[in-house]
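The values are calculated or read from the model by the stated rules, or taken from the named source; none is laboratory data. Predicted model only: the values in this text are computed from it and were never measured. No Cβ is skipped: glycine too gets one built from the backbone with ideal geometry, and neighbour counts run over all protein chains shown.
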Amino acid sequence: MPVQHPLNPQFMLPSNITWFSPIFYLTGFPGLETIEHWIFIPFFFMYLVAISGNCFILLIIKITPHLHTPMYYLLSLLALTDLGLSLSTMPTTVGIFWFKCQGIYFGACQIQMFCIHSFSFMESSVLLVMSFDRFVAICYPLRYSVIITGQRVVRVGLVIILRGPMALIPIVLLLKTFPYCGPRVLSHSFCLHQEVIHLACTDTTFNNLYGLTLVVFTVMLDLVLIVLSYGLILHTVVGLASQEEQHRAFQTCTSHLCAVLIFFVPMMGLSLVHRFGKNAPPAVHLLMANVYLFVPPMLNPIIYSIKTKEIRRAIIKCLGLRKGNVESWC
């Protein structure tokens, strides 16, 4: 007999999904199975733009010598993080929408969960360091080359890479020790800790408190420090004498500020929905999770290509366009 989906009672799971199934079941978009091939078209477009765009940003920075500076090293790190985030969700998303492969072993689910959350924390950290870079560039321009050096960027980059994964190891490994009751059904096309922990039929207080503490002292702390840095930047810019200087200073922050908004707004929305929106429609959970994971990696390379003059010029030069076109666009 088919099993009723716990989040969408009108959607019946296949009969081989039992209360003690050895695998987890990813539903993708419950109730829309007949049009999932069409649903995957925008997902395919987002993957295409995210992967090709971030690879192109990395290539442009690598082949353009005058972009070998701390600011663009950080942009490279952001592109690598976005690339990792896109590749983390791709296997199960493609498997569900194209091959109807909806089962995932718990070990694979753990790995995917670990990668998704690790890259998310890494992106938060990169955006924080980039905000500090902009703060020093605008507030202490004469000391910028002394404070922000390539060597320091490398050291900070290593801390960024290690901070998220090291902090996530305890709660991801602890999930292996929990018993799971009922159909192991996840409402997305990928594994998230917030969802897996709700399926455990034991006391998960430690995981919940640790997860909340981790979010507060990483992502939320990063956001507070970013807001503080922009407050100091705004105070400095307002004090500049000419409007031209103010405009130039704001221009250097536009692309980074856009990246901050498209990353933190969906993330905060997803966290609030999971913790306080248990009665919210399933579509809200699906929408917030997909926006949070798919939109920032897609938009970041577009934003930096359009808003950063040096990147624009390097792209046009790489594409072999005429000098007149470069000057008219830039």
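Checking each residue of the stretch 192-208 against the condition of being over 20 Å from Cys109 (Cα atoms), at pLDDT below 85 and not in a helix (DSSP H, G or I) gives at least one match.
Yes/no matrix, rows are residues, columns are (1) in a helix (DSSP H, G or I); (2) out of contact with any strand residue (DSSP E or B) (no Cβ under 7 Å at 6 or more places or on another chain); (3) crowded, with 23+ Cβ neighbours inside 10 Å:
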{"residue": "Ile96", "(1), (2), (3)": "yes, no, yes"}
{"residue": "Cys101", "(1), (2), (3)": "no, yes, no"}
{"residue": "Gly107", "(1), (2), (3)": "yes, yes, no"}
{"residue": "Ile111", "(1), (2), (3)": "yes, yes, no"}
{"residue": "Cys115", "(1), (2), (3)": "yes, yes, no"}
{"residue": "Val126", "(1), (2), (3)": "yes, yes, yes"}
{"residue": "Phe132", "(1), (2), (3)": "yes, yes, no"}
{"residue": "Ala137", "(1), (2), (3)": "yes, yes, no"}
{"residue": "Leu142", "(1), (2), (3)": "yes, yes, no"}
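The residue of the stretch 173-189 that is surrounded by the most Cβ atoms within 10 Å (Cβ to Cβ), among those that are touching a residue at least 40 places away in the same chain (Cβ under 8 Å), of a type outside the set (Val, Ile, Thr) and in contact with a strand residue (DSSP E or B) (Cβ under 7 Å, 6 or more places away or on another chain), is Ser189.
Can we say Ile148 is surrounded by 14 or more Cβ atoms within 10 Å (Cβ to Cβ), within 15 Å of Met71 (Cβ to Cβ) and at pLDDT 85 or above? Taking the combined requirement at face value, the residue satisfies it.
For every residue, the table says whether it meets (1) modelled with pLDDT of 90 or more; (2) within 28 Å of Val284 (Cα to Cα); (3) out of contact with any Leu (no Cβ under 8 Å at 6 or more places or on another chain); (4) surrounded by fewer than 16 Cβ atoms within 10 Å (Cβ to Cβ).
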site: Thr27; (1), (2), (3), (4): no, yes, no, no
site: Leu32; (1), (2), (3), (4): no, yes, yes, yes
site: Ile41; (1), (2), (3), (4): no, yes, yes, yes
site: Tyr47; (1), (2), (3), (4): yes, yes, yes, no
site: Ile60; (1), (2), (3), (4): yes, no, no, no
site: Pro65; (1), (2), (3), (4): no, no, yes, yes
site: Tyr73; (1), (2), (3), (4): yes, no, yes, no
site: Leu85; (1), (2), (3), (4): yes, yes, no, no
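Total residues in the stretch 160-175 satisfying the condition of being closer than 17 Å to Asn208 by Cβ and not β-branched (Val, Ile, Thr): the figure is 6.
Scan the stretch 83-92 and give yes if some residue there is over 16 Å from the mean Cα position of the chain (by Cα) and part of a helix (DSSP H, G or I), otherwise no. Checked against the condition, which is being over 16 Å from the mean Cα position of the chain (by Cα) and part of a helix (DSSP H, G or I), the stretch 83-92 yields at least one hit. Are any residues in the stretch 153-172 in contact (Cβ under 8 Å) with a residue 60 or more places away in the chain and over 14 Å from Val129 (Cβ atoms), and if so, which ones? Correct list: Val172 only. Among the criteria (1) under 28 Å from Val129 (Cα atoms); (2) in contact with a helix residue (DSSP H, G or I) (Cβ under 6 Å, 6 or more places away or on another chain); (3) at pLDDT below 85, the one Phe263 does not fulfil is (3).
Restricting the first member to the stretch 128-152 and to residues that are under 15 Å from Leu225 (Cβ atoms), and the second to residues that are of a type in the set (D, E, K, R), the beta-carbon pairs closer than 7 Å and six or more apart or on different chains are Leu128/Asp222.
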